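Below is one structure, written out as structure tokens; the observations come after it.
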2 protein chains.
Amino acid sequence: MDTDLAFLADCRTRLAFDLVSHTWNPVVIWALKDGPGRPGELRARIGGISQKVLTQTLRRLESNGLVTRRAYGGSPPRVEYELTSLGRTLLPPIQAFGAWAHDHGDEVTRAQDRYTREA
Amino acid sequence: MDTDLAFLADCRTRLAFDLVSHTWNPVVIWALKDGPGRPGELRARIGGISQKVLTQTLRRLESNGLVTRRAYGGSPPRVEYELTSLGRTLLPPIQAFGAWAHDHGDEVTRAQDRYTREA
DNA sequence: CCGGATCCCAGACGATACTG
DNA sequence: CAGTATCGTCTGGGATCCGG
């Protein structure tokens, strides 16, 4: 019963999955793993994310206590985002998925192809 | 650079996150972890999932090669879903998130409260 | 350079009713 | 009991323009 079903019925668990279930959350977290970053810089590291969505994502992460936003006034404006210690604790689980993807990604792709062909 | 950025730029990695980023995917996978299950039964185990969404989710998992669907004809109809071996390899990563939620879920909740109060 | 405001689309999810 | 169809809602995400 420990890691059994209460496991998923548990609200906190759902909460954790919500964190990952936003497409860009894990991507942005990972992009910050090596240290603070500025929005423009992050956009460059991550490919294919619009500026608006990046901001949204960072704000969301901030509201969850995973990221801090520091603004230095002035012109041009300068902003830096950084993982909190809480945010850093999420790196290993994210990494676990990355490793899984590395090991089994092809199988999923093949399964999809097979499924499509049979349909 | 290994687990660095190519990590997330990689399409296969995105693919893995897509698997989890559907709200119900991990929940259903976890509900199947102890063996095959019938839809009605699964709905009972999982709380708050509609029948339609459960079917959708199972089909999606099937199309990704994570679950098999076996139909025994007759009346009343009998169907069983079961994790594939590929699907089972996803259990540890999912469990990693569950563990994280168990350990840090409260902190996220508190962070959210703090954020809301400040806003 | 940052990021807010707006318009727009796709799809995830729910409720219900209906077929086999 | 399993599954489909339909209708409706809501939100994530993309594109773009504008202001600080």
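The values are calculated or read from the model by the stated rules, or taken from the named source; none is laboratory data. Quick caveat: nothing in here was measured; it's all calculated off a predicted structure. Here the Cβ is made from the backbone with ideal geometry for all residues, glycine too, and neighbour counts use every protein chain on show.
For B:Trp30, the criteria (1) touching a Pro at 6+ places or on another chain (Cβ under 7 Å); (2) among the aromatic types (Phe, Trp, Tyr); (3) under 25 Å from A:Tyr115 (Cα atoms) hold in every case but one, which is (1).
Among the residues in the range A:24-34, are any near DNA strand C (Cβ under 9 Å from one of its atoms) and within 18 Å of B:Gln95 (Cα to Cα)? No, the range A:24-34 contains no residue that is near DNA strand C (Cβ under 9 Å from one of its atoms) and within 18 Å of B:Gln95 (Cα to Cα).
Can you confirm whether the range B:20-29 contains a residue that is among the hydroxyl-bearing types (Ser, Thr, Tyr), within 10 Å of DNA strand D (Cβ to nearest atom), away from chain A (no Cβ under 11 Å) and farther than 17 Å from B:Thr84 by Cβ? Checked the range B:20-29: no residue is among the hydroxyl-bearing types (Ser, Thr, Tyr), within 10 Å of DNA strand D (Cβ to nearest atom), away from chain A (no Cβ under 11 Å) and farther than 17 Å from B:Thr84 by Cβ. Being modelled with pLDDT of 90 or more, within 14 Å of DNA strand D (Cβ to nearest atom) and either surrounded by fewer than 21 Cβ atoms within 10 Å (Cβ to Cβ) or more than 7 Å from chain A (Cβ to nearest Cβ) (or both), is that true of even one residue in the range B:83-98? Checked the range B:83-98: no residue is modelled with pLDDT of 90 or more, within 14 Å of DNA strand D (Cβ to nearest atom) and either surrounded by fewer than 21 Cβ atoms within 10 Å (Cβ to Cβ) or more than 7 Å from chain A (Cβ to nearest Cβ) (or both). In the range B:103-119, the residues that are of a type in the set (Phe, Trp, Tyr) form no Cβ pair under 6 Å with any partner that is exposed (fewer than 15 other Cβ atoms within 10 Å of the Cβ), whether six or more places apart or across chains. When restricted to residues that are within 13 Å of DNA strand C (Cβ to nearest atom), in contact with a helix residue (DSSP H, G or I) (Cβ under 8 Å, 6 or more places away or on another chain) and part of a helix (DSSP H, G or I), the range B:57-72 contains 5. Among the conditions (1) under 16 Å from A:Thr23 (Cα atoms); (2) hydroxyl-bearing (Ser, Thr, Tyr); (3) in a loop (DSSP other than H, G, I, E, B), the only one that A:Ser75 does not satisfy is (1). Of all the listed residues (B:Thr57, B:Thr84), the sole one being within 15 Å of the chain's Cα centre (by Cα) and farther than 29 Å from A:Arg60 by Cβ is B:Thr84.
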